[in-house]
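**Q** Please find one structure pasted underneath; my questions will follow.
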């Protein structure tokens, strides 16, 4: 009874009738179980394994699971880990930031250099204190973000003097570099915000939510960059590969609808089980084929010699049977059967009937009686 009471959700609702319409709304959740019904998503899970950059990482691990009594249970554990790490992989996977230190997520810049708004000015003869005031180190976080984006754009720039041309501002490469700087800057900002669990006075852990006003635009920016990468890949493959190598980002071609697996534990386990059965079948067939080839090479001469002996023995038996049949007077089976030429014979019969027609006896008898 106590367990049932803990798992129930007690709601207090109110109803109000206005102009004949009934509106039911939820006021508050009085009690809620601390254990969710489905362990579908773990937003507090941290991923530190760089192998998770591969979208098929957990499928590859599932193919290495031994086929024993706990095979399905092990796949279920992998499914929970896959779903739990999905959010972290989505935010950091394309930029290969998993397993790296936060200071390595963004490009290295000179903090003593002037800010982006003052970088094009002539700084010769300016005192050092003035330079320090207008440097990135004494600026805001936006100045760091602008410097990171400028450093990434310079990597995909064709030459150093190409600053205000359409090649940098309007092309997809510059947009991809700019969006990459925004993504890494926002990801670092989310990391710097204190979202670690804290211990309250009643010995309970309180998990602070991630800043939604940053995480939601971050998802949109990641989707926007994927669209730009897809367009660049369709236009110029060489430039696409160069951008990936210079910016150190990854692009995974999305699967077709018929290749996608339903996002449910049972469907995922069943699909991997079918793939594992097909893989084991192919491995077994390959082993049997190799063993057959080896045995065929070893026993090939003996088999060929034995087949020749059997062919000669069969030929002798057939000739002996033919001699016995000839001695007993049996007709051979290959003697042709007479087939009359029905068309020609019928034609001759019809022609003879026309030329040599004789009326029947009853007709002649009638003529004699009339005479």
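The values are calculated or read from the model by the stated rules, or taken from the named source; none is laboratory data. Every value quoted in this text rests on a predicted model; they were computed, and no experiment measured them. When we count neighbours, we look across all protein chains shown, and the Cβ atoms used for this are built from the backbone with ideal geometry, even at glycine.
**Q** Could you run through region 325-336 and say how many residues are exposed (fewer than 10 other Cβ atoms within 10 Å of the Cβ) and not in a loop (DSSP other than H, G, I, E, B)?
**A** 1
**Q** Mind checking which residues of region 164-186 are modelled with pLDDT of 55 or more and farther than 11 Å from residue 243 by Cβ?
**A** Within region 164-186, 178, 179, 181, 182, 183, 184, 185, 186 meet the criteria.
**Q** Next question. Tell me which of these residue 155 doesn't satisfy, since it passes every other one: (1) assigned to a loop (DSSP other than H, G, I, E, B); (2) surrounded by 12 or more Cβ atoms within 10 Å (Cβ to Cβ); (3) touching a residue at least 60 places away in the same chain (Cβ under 8 Å).
**A** Against the list (1) assigned to a loop (DSSP other than H, G, I, E, B); (2) surrounded by 12 or more Cβ atoms within 10 Å (Cβ to Cβ); (3) touching a residue at least 60 places away in the same chain (Cβ under 8 Å), residue 155 comes up short only on (1).
**Q** Tell me which residues, restricted to region 264-313, are out of contact with any helix residue (DSSP H, G or I) (no Cβ under 8 Å at 6 or more places or on another chain) and in contact (Cβ under 8 Å) with a residue 12 or more places away in the chain.
**A** 280
**Q** If I go through region 96-140 residue by residue, how many of them are under 30 Å from residue 251 (Cα atoms) and touching a helix residue (DSSP H, G or I) at 6+ places or on another chain (Cβ under 6 Å)?
**A** 9
**Q** For residues that are surrounded by fewer than 18 Cβ atoms within 10 Å (Cβ to Cβ) and closer than 14 Å to residue 185 by Cα, scanning just region 115-149, find the one that is modelled with the highest pLDDT.
**A** Within region 115-149, the match that is modelled with the highest pLDDT is 142.
**Q** Residue 259: loosely packed, with under 12 Cβ neighbours inside 10 Å, at pLDDT below 90, under 24 Å from the mean Cα position of the chain (by Cα) and farther than 30 Å from residue 182 by Cα, yes or no?
**A** Here the answer is yes, as residue 259 does meet what is asked.
**Q** Within region 100-114, does at least one residue satisfy the condition of being over 30 Å from residue 261 (Cα atoms), at pLDDT below 85, more than 44 Å from the chain's Cα centre (by Cα) and crowded, with 19+ Cβ neighbours inside 10 Å?
**A** Scanning region 100-114 turns up at least one residue that is over 30 Å from residue 261 (Cα atoms), at pLDDT below 85, more than 44 Å from the chain's Cα centre (by Cα) and crowded, with 19+ Cβ neighbours inside 10 Å.
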